[in-house]
Amino acid sequence: MKRILLLLLLIPFISQSQIRKVDSTLIRVASRNTDFPKYKTQKLYSYTIGIKAFGYEEFPKILNQVDAEEFKKQYLSGLILKINDNQISYRISGNFFSDRISFRNECAECEEVEGKLSDNALRLGFERNFMYSAVQPYFGFDIGFRRNIFKGKSRAIENSGYPSYDVKTQKNGFSLAPLFGLKFNIVNHFTIAAESSLDLLYSYEKQEKTYFGENFNRTPTFTDYTKWEFLFKPVGMLSLQYNFGELY
């Protein structure tokens, strides 16, 4: 009977020593094993600021522009600021474009129009990542306000019979834009992003024309329009972004 009681008292100490022995063996084996895979996780940041380095997109139509679907290139034309919350980022962006342009109006052999175009837009929206990795696809949606102003002159092409005039157009519009993009985390803090979008623009346009010539008294004429436009942006924004404020 005493032997049985002694054995029962010793069982916890024996089992404890065996567990310690097994644990120490596992530690020694693990320390010798150098083949375990090493996983690198992407750092997450609270804020992002970036610059739009390049864009290739359609612009709103001016007058009865013949080549309205022609894409325009932009360089260093915008800024973006994002507040990041894990896989979702809330974003505000601005785009600023100004350049001299020329185009055919009414028809290819009717009028040649030349002048200065200013196109500015402000947008609010979000983007959501599909995954955490060095390459991150994402989708999103923007809403915004856009102002498009053109000032120039129209000259009739020889023998076309069209009058010549000075012109100013101003278009203010509200836009909706689904978007899709890819982000490349090249090094800590820095990201390259490329995205495409399709803008649905509803705008109010005011046109002012002042005709000149023997049969005109240079009195301005005004016309107003409201219209819907679909504007495709194959490269809506190619940007370099700086991330800061680590989440964890």
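Here are some notes:
- Test result for residue 181, more than 20 Å from residue 104 (Cα to Cα), at pLDDT 95 or above, in contact with a Lys or Arg (Cβ under 9 Å, 6 or more places away or on another chain) and of a type in the set (Gly, Ala, Ser): no
- Unmet requirement for residue 132, which otherwise passes all of (1) open to solvent by less than 50 Å² (accessible area, probe 1.4 Å); (2) within 30 Å of residue 188 (Cβ to Cβ); (3) assigned to a loop (DSSP other than H, G, I, E, B): (1)
- Cβ pairs under 8 Å, 6+ apart, first in the range 59-74 and in contact (Cβ under 8 Å) with a residue 40 or more places away in the chain and farther than 14 Å from residue 236 by Cα, second among the β-branched types (Val, Ile, Thr) and surrounded by 14 or more Cβ atoms within 10 Å (Cβ to Cβ): 62/113; 62/169; 63/113; 63/167; 63/169; 65/113
Residue-by-condition table, conditions (1) among the aliphatic types (A, V, I, L, M); (2) open to solvent by 80 Å² or more (accessible area, probe 1.4 Å); (3) touching a strand residue (DSSP E or B) at 6+ places or on another chain (Cβ under 7 Å):
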{"residue": "45", "(1), (2), (3)": "no, no, yes"}
{"residue": "51", "(1), (2), (3)": "yes, no, yes"}
{"residue": "57", "(1), (2), (3)": "no, no, yes"}
{"residue": "66", "(1), (2), (3)": "yes, no, yes"}
{"residue": "69", "(1), (2), (3)": "no, yes, no"}
{"residue": "86", "(1), (2), (3)": "no, no, no"}
{"residue": "112", "(1), (2), (3)": "no, no, yes"}
{"residue": "123", "(1), (2), (3)": "no, no, yes"}
{"residue": "127", "(1), (2), (3)": "no, no, yes"}
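- Screening the candidates 175, 160, 154, 203 for the property of being of a type in the set (S, T, N, Q) and closer than 17 Å to residue 92 by Cα yields one hit, 175.
- Checking residue 234 against (1) open to solvent by 20 Å² or more (accessible area, probe 1.4 Å); (2) in contact with a Gly (Cβ under 8 Å, 6 or more places away or on another chain), the condition it does not meet: (2)
- The single residue among 205, 195, 229 that is modelled with pLDDT of 95 or more, of a type outside the set (A, V, I, L, M, F, W, C) and either within 18 Å of the chain's Cα centre (by Cα) or over 21 Å from residue 69 (Cα atoms) (or both) turns out to be 195.
- Residue in the range 142-155 that is within 23 Å of residue 101 (Cβ to Cβ), open to solvent by 80 Å² or more (accessible area, probe 1.4 Å), aromatic (Phe, Trp, Tyr) and touching a residue at least 12 places away in the same chain (Cβ under 8 Å) present: yes
- Residue in the range 210-221 that is among the hydrophobic types (A, V, I, L, M, F, W, C), more than 22 Å from residue 76 (Cβ to Cβ) and free of Cβ contacts under 8 Å to residues at least 40 places away in the same chain present: no
The values are calculated or read from the model by the stated rules, or taken from the named source; none is laboratory data. Keep in mind it's a predicted model, so treat the numbers as computed, not measured. In this analysis, Cβ positions are derived from the backbone assuming ideal geometry, glycine residues included, and neighbour counts consider all displayed protein chains. Protein only, heavy atoms only, side chains kept; ligands, DNA and RNA dropped before computing areas. Shrake-Rupley method; radii C 1.70, N 1.55, O 1.52, S 1.80 Å.
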